[in-house]
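What follows is a short report on a single structure.
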Amino acid sequence: MITTILTILFLIVVALLALSIFRTRRMAAEAARLVPQAGEVVSVAGGRVHYVDLGPKDAQTLVMIHGLSGQLQHFTYALAGLLAQQYRVIVVDRPGCGYSTRDSDALADPAEQGRMIGEALDRLGVERPVLVGHSLGGAVSLAMAMDRPDWVGALALLCPATQHEDAVPEVFKGILVKSPLVRRLIGATIAVPMAAATKDRVLGIVFHPESPSQDFMIRAGGALGLRPKAFVAASSDAVALRDAGKAQSARYESELRVPGGILFGAADGILSPAVHGHTMQVHGLEYETLEGRGHMIPMTAPADCADFIRRMAAKAA
């Protein structure tokens, strides 16, 4: 009798896993249909970088690097278009995100992501770019500025992750999976259906106190988050950022020499403006805030961000 019950339970678990895998694959295929590849891809050591190249090719170059669980559409949603008449604007999918790839989870380290993006930009003939990094993209931009200080022209960081923190925002605790094998198992089975079921609540937290964009899933590329690849990338990104944060922040005092500044939403509930913005003034970066704004200012306050970026770009000139 006990053996029969265990067999039935085992079959039920197998059936549920099979259903989850089927749903995951179907949703991933639909995401790719809804948000197809927007630009070109360049091969680099360790993977491929997907990018969109806007504006005049002979103008000063802005390079936009998105944050955790994001894709380049976070910038093409509104901000890139405001700047593309004046600047060459290159918007990238970070390695592993969107339509970019990386060969291993070890390449989630911010410095490694910066190396891959920098190699792609070298292939495009970019020199002295202004790095516009949002959230985790800010940590990648800072790593690039310290690793290639004579090549980076300026920093224009939006709500960047600049400091080591043991704790992670509550909304991201579910992706903090250390084992590469376990994160791939979760990604292939339950992560995508759970992300679809909780997306409205998660977006509400990430955008708070502002309202999420109604067309976020398509125009901002949010549907691309409903793929196993997206969960694996976000999980390895979150773990790598926490592991590398202390060593990276220790470098600022002696190695951060690139001019620029930081703009935060004063009501950012994901990354503390005081911890990640105010503290960087001692390292030569200007610090500004937007009252009543949250973490997603590239989409909710594009005009303010564009004005800030223009002023930071002038420092490179």
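Structure summary
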quantity: Failed item, numbered, when residue 266 is tested on (1) touching a strand residue (DSSP E or B) at 6+ places or on another chain (Cβ under 7 Å); (2) open to solvent by less than 30 Å² (accessible area, probe 1.4 Å); (3) among the aliphatic types (A, V, I, L, M); calculated: (2)
quantity: Residue in the stretch 146-163 that is surrounded by fewer than 24 Cβ atoms within 10 Å (Cβ to Cβ), of a type in the set (A, V, I, L, M, F, W, C), part of a loop (DSSP other than H, G, I, E, B) and at pLDDT 95 or above present; calculated: yes
quantity: Residue within the stretch 129-140 that is open to solvent by 50 Å² or more (accessible area, probe 1.4 Å) and not β-branched (Val, Ile, Thr) present; calculated: no
quantity: Any hit, the stretch 281-289, residues being more than 29 Å from residue 96 (Cβ to Cβ), open to solvent by less than 60 Å² (accessible area, probe 1.4 Å) and in a loop (DSSP other than H, G, I, E, B); calculated: yes
quantity: Single residue of 258, 232, 239, 206 found to be under 27 Å from residue 106 (Cα atoms) and part of a loop (DSSP other than H, G, I, E, B); calculated: 258
quantity: Subset of the stretch 209-229 (residues that are within 25 Å of residue 112 (Cα to Cα), among the small types (Gly, Ala, Ser) and not in a helix (DSSP H, G or I)); calculated: 221
quantity: Conditions (1) modelled with pLDDT under 95; (2) open to solvent by 30 Å² or more (accessible area, probe 1.4 Å); (3) not small (Gly, Ala, Ser); number of the one not met by residue 193; calculated: (2)
quantity: Counted residues, the stretch 8-56 - those being charged (D, E, K, R) and either modelled with pLDDT of 95 or more or part of a strand (DSSP E or B) (or both); calculated: 3
quantity: Qualifying residue in the stretch 265-276 (condition: under 26 Å from residue 209 (Cα atoms), in a strand (DSSP E or B) and not β-branched (Val, Ile, Thr)); calculated: yes
quantity: Check on residue 53, surrounded by fewer than 21 Cβ atoms within 10 Å (Cβ to Cβ), within 27 Å of residue 311 (Cβ to Cβ) and not basic (Lys, Arg); calculated: yes
quantity: Lone unmet requirement of (1) open to solvent by 30 Å² or more (accessible area, probe 1.4 Å); (2) within 25 Å of residue 131 (Cα to Cα); (3) not in a helix (DSSP H, G or I) for residue 166; calculated: (2)
quantity: Residues located in the stretch 65-88, provided they are of a type in the set (A, V, I, L, M) and either more than 15 Å from residue 307 (Cα to Cα) or part of a helix (DSSP H, G or I) (or both); calculated: 65, 68, 72, 79, 80, 82, 83
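The values are calculated or read from the model by the stated rules, or taken from the named source; none is laboratory data. Because the structure is predicted, anything quoted here is derived from the model rather than measured. No Cβ is skipped: glycine too gets one built from the backbone with ideal geometry, and neighbour counts run over all protein chains shown. These accessible areas exclude ligands, DNA and RNA; they are computed on the full protein's heavy atoms, side chains included. Shrake-Rupley method; radii C 1.70, N 1.55, O 1.52, S 1.80 Å.
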